[in-house]
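Novice: This is the structure, below, for whatever I ask next.
Any read-out appearing in this document is the output of simple, stated calculations on the displayed coordinates, not a laboratory observation. Remember, it's a predicted structure, so these values are computed and weren't measured experimentally. When we count neighbours, we look across all protein chains shown, and the Cβ atoms used for this are built from the backbone with ideal geometry, even at glycine.
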Amino acid sequence: MEEIYANVDYVKPVGLRPSTNQTSRSGSDRRFLGAVVLLLGLLSFVLLAGLIGLGVHHRDSAAEHLAVRENLTERLQASENKTSSLSREIERLQTLSNRDRDSAAEHLAVRENLTERLQASENKTSSLSREIERLQTLSNRVKTCPDGWKRFESTCYLVSVETASWERGWQDCTSRGADLVIVDRAEEQTFLTIILEQDTWIGLTDRDQEGSWKWSDGTPLTLAFWRTGQPDNGGGHPQIGEEDCATSSPYRGTGKNWNDLPCDASKPWICEKNAN
């Protein structure tokens, strides 16, 4: 019997002790599960790190974009300000250009006016210089009058000491190489009123045509110094007759001192001729 039992293997009841295979398989499963858990943990860590990295990157990118946008905004504002400043400067320069154009035109007109005035002044100066030279030349020529004649400027005058008709006076002046005085300037008339002492024949007559007064050389009267109411041709008095010859009186407070008288009246006369 002992041999029979000795050859029989002892069989442990099921559930009382795990077999070796079962134990090995259970350990492998635990290791696999641990590896899976570890792998999942690693993946979770990697994912978390990635999310964190993305968050940080997004934050940095947003901050960078904000900084870039702010920089661009500032540059745009600066550009707009510069553009506005340039526009104002262009307007100012345009205004200055218009002013300069107007000012240039005005300056040109003023310059032309001054040039014309300068030219006129130079012409006048040249004319005055020539006149001064002429007068100097004349003054260098010492002109004289014959004895008994009175000089006024470049003319000599002689008042007769005798009295006679206008015709006799004219003949006497002609014989002396002179004329009965011809008055053509107010200064000359003033001079005559100073040197005369009574009514004196002058070379003025209307014998050829009543009312048409002419000088002894045939030139018509243009400058007259008649007394008030003269000439009156005798005033219509038959006993006086025609008054066709003129006299000049001494100074009487005015330069107007001519009178018409009958040509056969006896009066002194005054001759004139150029000084030599």
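Novice: For region 79-95, in order, what is each residue's ³J(HN,Hα) by Karplus, 6.51 cos²θ - 1.76 cosθ + 1.60 with θ = phi - 60°, in whole Hz (x at glycine and Pro)?
Specialist: 5, 5, 4, 5, 4, 4, 5, 5, 4, 4, 5, 4, 4, 5, 5, 5, 4
Novice: Trp226's amide H: which non-local residues (gap 5+, or another chain) put their own amide H closer than 5 Å, with H modeled 1.01 Å from N in plane and none for Pro or chain starts?
Specialist: Counting only residues 5 or more places away or on other chains, the set is Trp258.
Novice: Related question: Rounded, prolate or oblate, given the Cα gyration tensor of region 151-223, with a/c below 1.5 counting as rounded?
Specialist: Since a/c reaches 1.5 but b/c is at least a/b, the shape of region 151-223 is classed as oblate.
Novice: Please give the contour-minus-distance gain from Leu135 to Ser97: 0.36 nm per residue of separation, less the Cα-Cα distance, rounded to one decimal in nm.
Specialist: 8.2 nm
Novice: State the Kirkwood hydrodynamic radius of region 150-274 in Å, one decimal place, computed from all pairs of distinct Cα atoms.
Specialist: After inverting the pairwise mean of 1/r, the radius is 14.4 Å.
Novice: Work out the charge dipole of region 201-276 with +1 on the Cβ of Lys and Arg and -1 on the Cβ of Asp and Glu about the Cα centre, then indicate which of Ala246, Gly235, Ile270 is farthest towards its positive end.
Specialist: Farthest along the dipole direction, towards plus: Ile270.
Novice: Right, something else. Can you list the residues, at least 5 places off or on another chain, whose amide H is less than 5 Å from the amide H of Ala164, using H built in the peptide plane?
Specialist: Amide H neighbours of Ala164: Lys267.
Novice: Once each part is reduced to its C-alpha centroid, what is the distance from region 198-219 to region 114-133 in angstrom?
Specialist: Their Cα centres are 41 Å away from one another.
Novice: Over region 150-274, what is the percentage of antiparallel beta bridges among all DSSP beta bridges, to the nearest 5?
Specialist: Rounded to the nearest five, the antiparallel share is 90 percent.
Novice: Note down the magnitude of the dipole of region 150-274 about its Cα centre, charges +1 on Lys and Arg C-beta and -1 on Asp and Glu C-beta and zero elsewhere, to the nearest 20 debye.
Specialist: Here region 150-274 has a charge dipole of around 440 debye.
Novice: Got a sec to turn the phi values of region 255-268 into Karplus ³J(HN,Hα) couplings, 6.51 cos²θ - 1.76 cosθ + 1.60 with θ = phi - 60°, whole Hz, x for Gly and Pro?
Specialist: Karplus-based 3J(HN,Hα) across region 255-268 equals x, 8, 9, 8, 8, 9, 9, x, 5, 8, 5, 8, 9, x Hz.
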